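The values are calculated or read from the model by the stated rules, or taken from the named source; none is laboratory data. Since this is a predicted model, take the numbers as computed values, not measurements. Cβ: placed from backbone, ideal geometry, glycine included. Neighbour counts: every protein chain shown.
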Amino acid sequence: MIFRLLLFLSMVLILELYVFQAVKTFTKVKWVLWSYIIISVGAILFIGYQFSKFDRSVGQTQMSMITLGLLLLVVLPKIVITLILFIEDVYRVLYGIVNRFSSTSNTTAFLPDRRKFVSQIALGLAAIPFTSLIYGMTLGKYNYKVITQQIFFPDLPDEFDGFKITQISDVHSGSFDNPDKINYAIDLINEQASDMILFTGDIVNTHAKEMIPWITTFNKIRPHKYGKFSVLGNHDYGEYVDWKSEKDKEANFHAIKELYGKIGFNLMLNEHTFITKGNSKIAVVGVENWGRHFKKAGDLNKASEGLTKNDFKILMSHDPSHWDAEVNTHTKEFHLTLSGHTHGLQFGIEIPGFLKWSPAQYVYEQWAGLYEKSGKYIYVNRGFGYHAYPGRVGIMPEITVIELKKGKNLV
C-alpha cells in the first residue's frame with residue numbers, strides 16, 4: 001500500500017514538474033504561474049480527499065464519478081505535455097553530449113534552454129483531451145445516436161424478412177442526472193416503431209433503488225407487437241460493493257430482477273421463447289451474464305434446451321467475450337448474438353468507413369458494432385448510459401435498430 005502510494009506521488013510530482021516548466025516557458029507572468037499552482041494543488045487535494053472517502057458498501061455515487069472525471073481532466077492533458085517535453089529533453093541531452101565533445105563548441109551550458117514553441121505545441125495538444133473530456137461530461141454522455149443495421153441470413157424464415165429489432169443495453173440508471181435527456185432518448189426508442197425490443201443488461205450500477213426514480217420514464221417505452229425481452233448484465237448482480245450480509249445482497253438481486261418486469265420487460269434467465277409470425281417462428285434465447293473477466297452465470301445449454309440446429313435463433317448475452325468462448329462454436333448454431341457491456345470504453349474515435357478505434361479493442365475482440373464469423377453474427381451495442389467516467393468522448397450512447405433480411409449478405 002505504501003509502495004503504491006509513493007509510486008503514485010512520484011508520478012504526480014513528475015507530471016507537475018514538467019507541466020510547470022511548460023507553463024513557465026510559455027509565460028513569465030507571476031499571477032498566471034501562481035494561479036496554475038493553486039488550481040493544480042487544489043485539484044489534487046480534492047481528488048485525494050474524495051478517493052479517501054470512497055465507501056465500498058455504497059459503491060459509485062455522483063460525487064465519485066465527478067471525482068474520476070476530474071482526475072482524467074487533470075491527468076491526461078498533463079501526460080501529453082510530459083511526453084512532449086520528455087522527448088525534447090532527450091534531444092537536449094543528446095545535443096548537449098554532441099556539443100560538449102565538439103571542437104567548435106563555444107557554449108558553456110551543457111543543456112540548451114527549452115524552446116518556447118515546443119511548450120506551445122505541448123499546451124496546444126493537451127487542450128485536445130482537455131476540451132474533449134469536458135465535452136464528454138457535459139454533452140457527449142447524452143448525445144444519443146440511432147444506429148441502423150441490416151443483416152442478411154439465407155435461412156431466415158420468409159415471414160421475418162424485414163423484421164425490426166430495437167436493442168438497448170447498459171442503462172446504468174444510477175448515473176443519470178438529467179430527466180429531460182432520458183425522456184428524449186425514450187422518445188427516440190419509440191420513434192423506431194420496431195417489431196420487438198431487446199435489452200441486454202445492466203439496468204443499474206449496483207443497487208436496485210437506483211432505478212426507482214426512472215421506472216415511470218422507462219414505462220413510456222411503447223408495447224412492441226412481438227415483445228420486450230431482457231437479460232441480466234454483470235452489474236445487476238451487485239458484486240462490486242461490500243454488503244452487510246449475504247441476505248442483503250440476495251434481496252438486492254431479487255429487487256433488480258423485479259425491476260425489468262416493472263418497466264415491462266420479460267427477463268430471461270437461461271431460457272428461450274419462440275416468436276411466431278404467420279406460419280414461421282424464430283427463437284429468442286436469453287442467458288444470464290457470462291463474462292471472461294466477470295460473473296459466469298450464463299448457461300447456454302440450459303437456455304437452448306429443446307432447440308434444434310435448424311431453428312433460427314437470436315441470443316441475448318450481455319458480455320461479448322461469451323461469443324468466441326462458447327457461442328460461436330456451439331452445436332446449436334446461434335445466428336445472431338446481441339451484447340453490450342464494453343461501452344466502447346466511452347472513449348475513442350469513430351469515423352464511419354474510415355476509422356474505428358478505442359482502448360476497448362485491446363480487451364475485447366468484439367467491442368462495438370457488427371462482427372461476423374462463418375455466417376454467424378454478433379452485434380455489440382455501445383450502451384445507453386455511462387459508468388465510472390461521467391461522460392462519453394467519441395463513442396456515443398446508442399440505440400440500435402437491426403433489420404433482419406432474407407438472403408445472402410451483400411457486404
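Residues considered: 85, 71, 76. Of these, the only one that is surrounded by 20 or more Cβ atoms within 10 Å (Cβ to Cβ), in a helix (DSSP H, G or I) and in contact with a helix residue (DSSP H, G or I) (Cβ under 7 Å, 6 or more places away or on another chain) is 85. Restricting attention to the stretch 132-168, the residues that are part of a loop (DSSP other than H, G, I, E, B) and among the small types (Gly, Ala, Ser) add up to 1. Here is a check on your reading of the model: is residue 366 at pLDDT 95 or above, part of a loop (DSSP other than H, G, I, E, B) and polar (S, T, N, Q)? So residue 366 passes the test.
For residue 224, state whether it is touching a residue at least 12 places away in the same chain (Cβ under 8 Å), in a helix (DSSP H, G or I) and buried (at least 16 other Cβ atoms within 10 Å of the Cβ). No: the conditions fail for residue 224. Within the stretch 378-408, the set of residues being crowded, with 22+ Cβ neighbours inside 10 Å and either more than 19 Å from the chain's Cα centre (by Cα) or not assigned by TED's automatic domain parsing to the domain that holds residue 337 (or both) comprises 402, 404. Within the stretch 352-362, being part of a loop (DSSP other than H, G, I, E, B), free of Cβ contacts under 8 Å to residues at least 24 places away in the same chain and surrounded by 13 or more Cβ atoms within 10 Å (Cβ to Cβ) holds for no residue.
From the list 197, 215, the lone residue that is buried (at least 24 other Cβ atoms within 10 Å of the Cβ), closer than 26 Å to residue 177 by Cα, more than 19 Å from the chain's Cα centre (by Cα) and of a type outside the set (Gly, Ala, Ser) is 197. For the stretch 389-403, the candidate set comprises residues that are touching a Leu at 6+ places or on another chain (Cβ under 9 Å) and of a type in the set (Val, Ile, Thr); within that set, the residue that is nearest to residue 63 (Cα to Cα) is 393.
Do we find that residue 261 is farther than 24 Å from residue 323 by Cα, surrounded by fewer than 19 Cβ atoms within 10 Å (Cβ to Cβ) and at pLDDT 95 or above in this structure? It is true that residue 261 is farther than 24 Å from residue 323 by Cα, surrounded by fewer than 19 Cβ atoms within 10 Å (Cβ to Cβ) and at pLDDT 95 or above.
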